[in-house]
Amino acid sequence: MTTLPALLSLEERVARLEAIDAVRRLKARYAALADAKYTSDYTRQPDAVMHDVARQQAECFTHGAVWVGGSGFGNDLRGREALRDWFHRSPWRFAMHYYTSESIDADVRVGTAHATWRLWQLALRDDDAHAVLLGAITEEQYAVDDAGHWLICEMRFVQLKMIEPSVFPFPIANDFGALAAMRTRATTLTE
């Protein structure tokens, strides 16, 4: 359990605030890199650029990091190489990630932090160019590496929901398979 801020020394309180700010900046970098893989005309960057940006995105994580995306959203991955591969083959041709309403707590004595973020993402699927609005809550763990940089140890997607706004009524699904099945049912009903 983290010590209450009022019981910490002034130096510890400042270090805690600096750690929380470093986690926010790390998350902003991760989101910017996630979006940098796509061009302004809604296409994927050339493969060499995708590879480089996916590598940089994976470097936001520790070497043994865990990704818990569940079925249909990256599945469950471990390690930077697996994350880099997932980021490189992402299911999007365009994406804009908005992480908001964060709750961050840091324990600078042991170099760890925990955060919960709300994700709102606008994206175009790579397979069929359909628009997707994605909402989720991510629960994340962070640690300081030997160089003093904060990195993500674990990113767990909970309450992941996808909406395809071009289909009425708006279906909400937990993964692409369920979303496709809902779209098929909606198309069948309108024919």
Top-ranked residue of segment 149-191 - restricted to ones that are open to solvent by 50 Å² or more (accessible area, probe 1.4 Å), assigned to a loop (DSSP other than H, G, I, E, B) and within 30 Å of residue 102 (Cβ to Cβ), ranked as modelled with the highest pLDDT
149
Among 25, 55, which is the only one that is part of a helix (DSSP H, G or I), open to solvent by 30 Å² or more (accessible area, probe 1.4 Å) and touching a residue at least 24 places away in the same chain (Cβ under 8 Å)?
55
The residue that is farthest from the chain's Cα centre (by Cα), considering only those in segment 45-67 that are more than 18 Å from residue 31 (Cβ to Cβ) and hydrophobic (A, V, I, L, M, F, W, C), is 48
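Quick one: which residue in 143, 123, 82 is in a strand (DSSP E or B), surrounded by 15 or more Cβ atoms within 10 Å (Cβ to Cβ), of a type in the set (Gly, Ala, Ser) and at pLDDT 95 or above? So that I can check it myself, show each step before the final result.
Values: 123 fails: at pLDDT 95 or above; 82 fails: in a strand (DSSP E or B).
Answer to the check: 143.
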Only one of (1) open to solvent by 80 Å² or more (accessible area, probe 1.4 Å); (2) under 19 Å from residue 124 (Cα atoms); (3) basic (Lys, Arg) is not met by residue 44, so which one is it?
(1)
Matching residues, segment 129-140, being outside any strand (DSSP E or B) and open to solvent by 50 Å² or more (accessible area, probe 1.4 Å):
130
Do you know which residues across segment 85-112 are touching a helix residue (DSSP H, G or I) at 6+ places or on another chain (Cβ under 6 Å) and outside any strand (DSSP E or B)?
87, 88, 108
Test residue 115 against the criterion of being modelled with pLDDT of 95 or more, surrounded by 15 or more Cβ atoms within 10 Å (Cβ to Cβ), touching a Gly at 6+ places or on another chain (Cβ under 8 Å) and part of a strand (DSSP E or B), and give yes or no.
no
Take residue 33 and decide whether it is under 20 Å from residue 157 (Cβ atoms), part of a helix (DSSP H, G or I) and open to solvent by less than 30 Å² (accessible area, probe 1.4 Å).
yes
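The values are calculated or read from the model by the stated rules, or taken from the named source; none is laboratory data. As the structure is a computational prediction, the values presented were derived from the model and not from experiment. Neighbour counts run over all protein chains shown; Cβ positions are idealised from the backbone, glycine included. Keep in mind that these areas ignore ligands, DNA and RNA; they rest on the heavy atoms of the full protein, side chains included. Shrake-Rupley method; radii C 1.70, N 1.55, O 1.52, S 1.80 Å.
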